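Trainee: Sharing a structure, written as structure tokens. Questions coming.
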Amino acid sequence: MREMIQMVVVLTVLSCVSGGLLASIKSNTEERISYQQLKFVKGPAIRAILEGSSNDPITDRFTLQDGEVERSFFVGVFDGQPNTVAFETSGKGFGGDVGLMVGVNVADNSLVGIGVTTHSETPGVGSRAQSDPAFAAQFKGMPFEGEFTVKPDGGQVDALSGATITSRAVAGAVTDAVKIYGRLKSQLADQLKSFPK
Amino acid sequence: MAKTLTQEFVKGLWDEIPPFRLVLGLCPVLAVTKTVENGIGMGVATTFVLVCSNILVSMLRKVIPSKVRIACFIIIIATFVTVVELVMQAFAYPLFLKLGIFIPLIVVNCIVLGRAEAFASKNNLLRSILDGMGIGIGFTLSLAALGAVRELLGSGTLTFWETPIQIMGPSFQPFTFLIEAPGAFVALGLMLCIMNLLGKK
């Protein structure tokens, strides 16, 4: 009987101490870990879109509530003005969701650039949406409104040859971004006004 | 036949060097040693877990009831592994991306549990620390050596701190077989063979 109690006590105490230790380490590293994840997973796309900004967009981020989801916005400061935000949407691709970072100039509602963050498209075909700079570059400067569709569907976006579904996913993600931007525009403007210069 | 303290430490570096002599913990050894850097990262993570778990197991060896000792060891090991995982994510994220699943898998690495069961639960604190450090450093050196052989012949470079250094020159034709998983077995076997030849009296 005594051995039984000892077993229970030892295991309980060990588990509690270990749980407590891990909880404290997790809460201490949480912020740093999410920063690192953003920096290495989404960072390349964000940096490409907000190229030349004078701040670190990953540090200067804020979140807004959009219905039930929380979205992160990354601020780019150009010429001393925090006038550009980048945020992430996604579209249905050939092999799953295609994550897309979209940069918008808030001052004149134009598209600053896009960049694919995460995808599971066919390497060498759909994956060119991420690796081919010409595909992303065509979005630069387009007016950020209405629907984005690929040329085969009667739209304005040049599809990647052989990867129409992926291109549609990207175009759809941009269309989504337009809708999100429309919903959150006033809140976004408020946030940027109070942005520390 | 009590060993001296120095012997406890040194045995992990040659006589009982884990992947080659004990032939334990081969899963991470074969999987992550594509580059020197990965090997060293994995080795250092394992060494930390090994030393910490040896310390705790040795300190608690009189308290832990023998019927649930394995469960207790696993709790201790799993805690330290999670600590390593979180710290690595926070401070060395690119390395964490490369080692990926093999960091959490240190929990089930037989070297760590083996040392806790076979050594730390029967020896005092000082000896357990020395044993953990010896075996850990031996493991790190083995991974680094295997990683160096595979990377040097397989891609002609040596990677330290994110920067691959070209060693073999432009005309070198990489022996890419060594970077693949079967190449790891072949390289490990050849190194074991050389070690046995050297150790033969």
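Trainee: Which residue, A:127, A:142, A:171, has the largest displacement toward the positive end of the dipole of chain A when charges sit on each Cβ (Lys, Arg +1; Asp, Glu -1)?
Mentor: Selected residue: A:127.
Trainee: Can you bin every Cα-Cα distance in chain A into 10 Å intervals starting at zero and give me the percent of pairs per bin, rounded to whole numbers?
Mentor: Taking all Cα pairs of chain A, the binned fractions are 8, 31, 28, 14, 7, 6, 4, 1 percent.
Trainee: Name the residues of segment A:3-26 whose accessible area falls by at least 10 Å² when all protein chains are present instead of the chain alone, probe 1.4 Å?
Mentor: Relative to the lone chain, where solvent access is computed with a 1.4 Å probe, segment A:3-26 loses at least 10 Å² at A:3, A:6, A:7, A:10, A:11, A:14, A:15, A:18, A:21, A:22, A:25, A:26.
Trainee: OK, next. Rg and Dmax of segment B:87-188 over Cα atoms: what are they, in angstrom?
Mentor: 17.2, 55
Trainee: Helix-only mean residue ellipticity at 222 nm, chain A, DSSP H runs n ≥ 4 weighted -39,500 (n - 2.57), per residue, nearest 500. What is it?
Mentor: -14000 deg cm²/dmol, from helical runs alone.
Trainee: Would you calculate the separation in nanometres between label points at residue A:195 and residue A:54, each defined as 7 Å from the Cα along the Cα-to-beta-carbon direction?
Mentor: According to this spin-label approximation, the distance is 1.3 nm.
Trainee: Find the sum over both chains of the accessible area lost when A and B are paired, probe 1.4 Å, and report it in Å² to the nearest 100.
Mentor: Looking at A and B, the buried total is near 1900 Å².
Trainee: Quick one: dipole size for segment A:46-193, taken about the Cα centre, charges +1 on Lys/Arg Cβ and -1 on Asp/Glu Cβ, in debye to the nearest 20.
Mentor: Approximately 140 debye in magnitude.
Trainee: Gaussian network model of chain A, Cα springs within a sub-10 Å range: biggest mean-square fluctuation belongs to which of A:62, A:73, A:40?
Mentor: Between A:62, A:73, A:40, it is A:40 that shows the largest mean-square fluctuation.
Trainee: Taking every pair of Cα atoms in the protein assembly as shown, average 1/r, invert it to obtain the Kirkwood radius, and report Rg/Rh to two decimals.
Mentor: 1.09
Trainee: Further, regarding this structure: Ignoring ligands, DNA and RNA, what percent of the accessible area of chain B is carbon or sulfur (1.4 Å)?
Mentor: Percent of accessible area from carbon and sulfur atoms in chain B: 73.
Trainee: Among A:177-183, A:1-7, how do they line up by average Cβ neighbours within 10 Å per residue, starting with the highest?
Mentor: A:177-183, A:1-7
Trainee: Select from segment A:29-111 those GluC sites (Glu not before Pro) which occupy a DSSP coil region and have at most 10 other Cβ atoms within 10 Å, ordered by residue number.
Mentor: In loop regions of segment A:29-111 (DSSP not H, G, I, E or B), the sparsely surrounded GluC sites (Glu not before Pro) are A:68.
Trainee: Suppose we keep just the alpha-carbon trace of segment B:5-199; what are its Rg and Dmax in angstrom?
Mentor: Here Rg and the maximum Cα pair distance are 17.4, 62 Å.
Trainee: Where only protein heavy atoms count, and the probe is 1.4 Å, what is the accessible area per residue for the protein assembly as shown in Å²?
Mentor: 50 Å²
Trainee: Between residue A:26 and residue A:11, what is the label-to-label distance in nm when each label sits 7 Å out along the Cα-to-Cβ direction?
Mentor: 2.2 nm
Trainee: Give, rounded to the nearest 20 debye, the magnitude of the charge dipole that segment B:5-199 has about its Cα centre when Lys and Arg contribute +1 at Cβ and Asp and Glu contribute -1 at Cβ.
Mentor: Working: 12 positive and 10 negative charges, 131 e Å.
It comes to approximately 620 debye.
Trainee: List the DSSP H helices in chain B whose Cα atoms stretch 30 Å or more along the helix axis and whose mean Kyte-Doolittle hydropathy is at least 0.5.
Mentor: Sorted by number, the helices that extend far enough and score high enough are B:36-59, B:69-91, B:125-155.
Trainee: Please tell me which of these pairs span more than 24 angstrom C-alpha to C-alpha: B:11/B:67; A:92/A:140; B:11/B:62; B:122/B:200?
Mentor: Violating the 24 Å limit, Cα to Cα: B:11/B:67; B:11/B:62; B:122/B:200.
Trainee: A follow-up question, please. What is the percent carbon and sulfur in the accessible area of segment A:50-197, measuring with a 1.4 Å probe over the protein chains and ignoring ligands?
Mentor: 50 percent
The values are calculated or read from the model by the stated rules, or taken from the named source; none is laboratory data. Not measured: the values here are computed from a predicted model. Counting neighbours? That spans all protein chains shown, and the Cβs are built from the backbone with ideal geometry, glycine included. The accessibility values were calculated without ligands, DNA or RNA, using every heavy atom of the protein model including side chains. Shrake-Rupley method; radii C 1.70, N 1.55, O 1.52, S 1.80 Å.
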